[in-house]
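Below: one structure, written as structure tokens.
The values are calculated or read from the model by the stated rules, or taken from the named source; none is laboratory data. Keep in mind that this is a model prediction, so the values were computed, not measured. Here the Cβ positions follow ideal geometry from the backbone for every residue, glycine too, while neighbour counts run over all protein chains shown. What goes into the accessible areas is simple: the full protein's heavy atoms, side chains included, and nothing from ligands, DNA or RNA. Shrake-Rupley method; radii C 1.70, N 1.55, O 1.52, S 1.80 Å.
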Amino acid sequence: MVSAKHHTVPSQSERTGYLHHVEVNVSHLESSIQFWGWLLDYLGYQLYQEWSQGQSWKKGNTYIVFVQTVQRHLETGYHRKRTGLNHLAFHAESREEVDELTQVLRTRGIPILYESSHPYAGGPEHYAVFFEDPDRIKVELVAPE
């Protein structure tokens, strides 16, 4: 397993405008926790909150929450082409980190999206890996330009 990266926490004035948290409703909490747990640990997040219907991870002042969708809202499912969230993109430290995560994803049996144009699926200056979580939410790790 790859070790987590640690970064300093910005001051209050440096945080203004940054995301405080993102909450994602998921169709099967256990599958989402298995998927996101290792990924967020890899990206330097730490387990933050746990309760029967959700779990969150935090890095610095930002946290990501995954909550079990209530039964009455499960039927329509998620699709990133509908109105709402399209994908979550995370910064990578380097192109090597993108390559490293790509190998980890392959080892875990997680398909790489846009494989034929990987790692330039976002364009010739955009070095990234794209993949999906259990609900097919697209996830991206982007190298600095």
About its Cα centre, how strong a charge dipole does the chain have in debye, to the nearest 20, once Lys and Arg get +1 and Asp and Glu get -1 at the Cβ? 380 debye
Through the Karplus equation 6.51 cos²θ - 1.76 cosθ + 1.60, θ set to phi - 60°, convert the phi angles of the stretch 117-126 into ³J(HN,Hα) values in whole Hz; use x for Gly and Pro. 10, 5, x, 10, 4, x, x, x, 9, 10
With the other protein chains left in place, how much accessible area per residue, in square angstrom, belongs to the stretch 63-117 at a 1.4 angstrom probe? 69 Å²
Within the chain, what's the longest stretch lacking chymotrypsin sites (Phe, Trp or Tyr not before Pro) that sit in DSSP loops with no more than 12 other Cβ atoms inside 10 Å? 19-119
Most fluctuating residue of 70, 129, 26 in a GNM of the chain with Cα springs under 10 Å: which is it? 70
Per residue of the stretch 89-94, in order, report the coupling 6.51 cos²θ - 1.76 cosθ + 1.60 (Karplus, θ = phi - 60°) as ³J(HN,Hα) in whole Hz, putting x for Gly and Pro. 10, 10, 6, 9, 6, 6
In Å, the Kirkwood hydrodynamic radius from C-alpha pairs for the chain sits at 16.3 Å
Between residue 53 and residue 71, what length comes free when the chain is fully extended (0.36 nm per residue of separation minus the Cα-Cα distance, one decimal in nm)? 5.3 nm
Extension length gain for residue 34 and residue 86 (0.36 nm per residue less Cα distance), in nm, is 16.6 nm
Out of the stretch 33-126, which GluC sites (Glu not before Pro) are coil in DSSP terms and have no more than 16 other C-beta atoms within 10 Å? 75, 93, 125
Starting from 0.36 nm per residue, how many nanometres of slack lie between residue 136 and residue 41 once their C-alpha separation is accounted for? 32.2 nm
Computed from the beta carbon distance with a Förster radius of 30 Å, FRET efficiency for residue 93 and residue 61 to the nearest 0.05 stands at 0.95
From phi via Karplus (6.51, -1.76, 1.60), per-residue ³J(HN,Hα) for the stretch 29-45 in Hz, x at Gly/Pro: 4, 4, 5, 5, 5, 4, 5, 6, x, 5, 5, 5, 4, 4, 7, x, 7
Taking trypsin sites (Lys or Arg not before Pro) as candidate sites, keep only those in a DSSP loop with at most 13 other Cβ atoms within 10 Å, then name the longest stretch of the chain containing none of them. 6-79
With the full set of protein chains in place, find how many percent of the accessible area of the chain is carbon and sulfur; take the probe as 1.4 Å. 50 percent
